[in-house]
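The values are calculated or read from the model by the stated rules, or taken from the named source; none is laboratory data. Because the structure is a prediction, the values reported are computed rather than measured. Positions of Cβ are generated from backbone atoms using ideal geometry, with glycine treated the same way; all protein chains shown enter the neighbour counts.
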Amino acid sequence: MLLNDTLQRLGELRLAGMARALEEQLTNSACASLGFEERLALLVDRELNHRHDRRLAGLLKRAKLKYPQACIEDVRGGTARGLNRSSFTQLALSRWVEQGLTVSIIGPTGSGKSWLACALAQQACRRAHSALYLRVPRLAEELRILHGKGGFAAWLAALARTEVLVLDDWALAPLEPATRADLMEVIDDRAGTRCRATILTTQLPVEHWHAWLGDPTMADAILDRLLSREQRINLKGESLRRKAADKPEDTGGEDTPN
């Protein structure tokens, strides 16, 4: 009866991890030889791990990553691809989110840009940062819906609080004037008093971004905010899609391209 009451109170306190660990301790004969402080420490550790796992699951769900399974441990480098695995890992483990950097991942189609962007965003979530994945070619329609429903201001405010924003397929399709203006608001918020990190993936070299943005004045403003604190990754080599097609049995790691 006392145990049931204790488990119920742990549930009321939202200590689900500790409650589960206590039940497991009672069925594990090895725990009987442990002292009170040791068993308490194990309960507290279990609760902390439970909360961390639950928070990570929530962050990843809200991030809506294209490749939620992408992680830096699976990154494959090589001179043929132009990616230094050690440098990429150092970036992922650095304070780039806190510093509000723009990470530009540039390369041909199928070179793994989106996968790498998701790996960076996933690592940020693992370090308790919020993230969100957006495809730029879809923004125009999504923004029209938001404006039509009157939800743009709330969406913009939520985006400004998001610590890592992934803008996938940057400069892939022509940009409408209304979308360009909204994009300016998004980028301006991220370069404000509290800088927020942004990840861009694109096939278009940086020197052509100004022409893609169109309006010279607005292009100057957007690029100044994006590129003043930028770290660039230039990829090269043949498409990973073709490699995956040649080796259909190889499903590991970073062979998911874009």
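Details
- 1 or more residues more than 19 Å from Thr201 (Cα to Cα), free of Cβ contacts under 8 Å to residues at least 12 places away in the same chain and outside the structural domain of Ala191 (by TED's automatic domain parsing): qualifying helices (runs of 4 or more DSSP H) within region 2-118: 2-12, 16-27, 36-63
- Which numbered condition Thr217 fails, given (1) in contact with a strand residue (DSSP E or B) (Cβ under 9 Å, 6 or more places away or on another chain); (2) assigned to a helix (DSSP H, G or I); (3) polar (S, T, N, Q): (1)
Residue by residue, here is whether (1) of a type outside the set (Asp, Glu); (2) out of contact with any Leu (no Cβ under 9 Å at 6 or more places or on another chain); (3) in a strand (DSSP E or B); (4) modelled with pLDDT under 95 holds:
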{"residue": "Gly192", "(1), (2), (3), (4)": "yes, yes, no, yes"}
{"residue": "Ile199", "(1), (2), (3), (4)": "yes, no, yes, no"}
{"residue": "Glu207", "(1), (2), (3), (4)": "no, yes, no, no"}
{"residue": "Ala221", "(1), (2), (3), (4)": "yes, yes, no, no"}
{"residue": "Ala244", "(1), (2), (3), (4)": "yes, yes, no, yes"}
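- In region 120-138, the count of residues that are more than 19 Å from Gly100 (Cα to Cα) and among the charged types (D, E, K, R) is one or more.
- Selection status of Leu175, within 21 Å of Asp215 (Cα to Cα), buried (at least 16 other Cβ atoms within 10 Å of the Cβ) and assigned by TED's automatic domain parsing to the domain that holds Leu120: yes
- For region 98-142, a tally of residues being among the hydrophobic types (A, V, I, L, M, F, W, C), under 18 Å from Lys64 (Cα atoms) and surrounded by 22 or more Cβ atoms within 10 Å (Cβ to Cβ) returns 10.
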